[in-house]
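Take a look at the structure below.
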Amino acid sequence: MEHDKQHFERAREYYSLLAGARLTEINFDTLADWLKSLVPHLADNAAKREELALLRQDYEGRIAGMIKALAAVDRSGRSNEHLMAELDSLPHASAQELIACYRRTTAKFRDSFPASYGLAPQLRSPRPRRRT
């Protein structure tokens, strides 16, 4: 994170020199070395963004699936509007909001479908019938 701040500040400095047409103040060897060192950093950031996009897509899919199941079992239909609004907000939610939504939704889902989380009482195996 500190490394990112340093890169950001350095880029801002170079931009202000270039935008102000103060080319004589730029050491182009230093600029070239910095740009060369920046390439792997940018590639790493791109890879991390792709990973985060996959995680976000998975989270959104899980939440959407649970919301749809909750809407399907709500016979009154009162919560459907709220659930669909939450579903529509997923693509715009921050990571923190997405995690909070996932926790809320899983709690509601567990309440509605306790057997899917192993919370239902264990059923006894049927006793063999005696032949008479």
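Read-outs: derived from the displayed coordinates by stated rules, not from any lab. Note that the structure is predicted; figures quoted are calculated from it, not measured. Here the Cβ is made from the backbone with ideal geometry for all residues, glycine too, and neighbour counts use every protein chain on show.
Using 0.36 nm per residue of separation minus the Cα-Cα distance, give me the extension gain between Ala43 and Ile26 in nm, one decimal. List each step's numbers first, then the result.
On the way: separation 17, 0.36 × 17 = 6.12 nm, distance 2.55 nm.
Between Ala43 and Ile26, full extension yields an extra 3.6 nm.
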Check your understanding: Which of Arg75, Arg110, Arg62 moves most in a GNM of the chain, Cα contacts under 10 Å?
Key -> Arg75
Exercise for review: Consider just the alpha-carbon atoms of the range 49-115 and return their Rg together with their Dmax, both in angstrom.
Suggested key: 12.2, 41
Point to revise | Projected label distance in nm at Gln96 and Leu54, using a 7 Å step from Cα toward the beta-carbon | key: 2.7 nm
Point to revise | Calculated volume of the Cα convex hull per residue in Å³ (choose from [x] 100; [y] 178; [z] 110), label | key: [y]
Check your understanding: What number, rounded to the nearest 500 deg cm²/dmol, is the helix-based mean residue ellipticity at 222 nm of the chain, given -39500 (n - 2.57) per DSSP H run of at least four residues and division by all its residues?
Key -> -24500 deg cm²/dmol
Exercise for review: Towards the positive end of the charge dipole of the chain, with charges on Cβ (+1 Lys, Arg; -1 Asp, Glu), say which of Trp34, Ile67, Pro114 has the farthest Cα.
Suggested key: Pro114
Study note, to complete from the structure: Expressed as a whole-number percentage, the relative contact order of the chain with C-alpha contacts under 8 angstrom and at least six residues apart is 19 percent
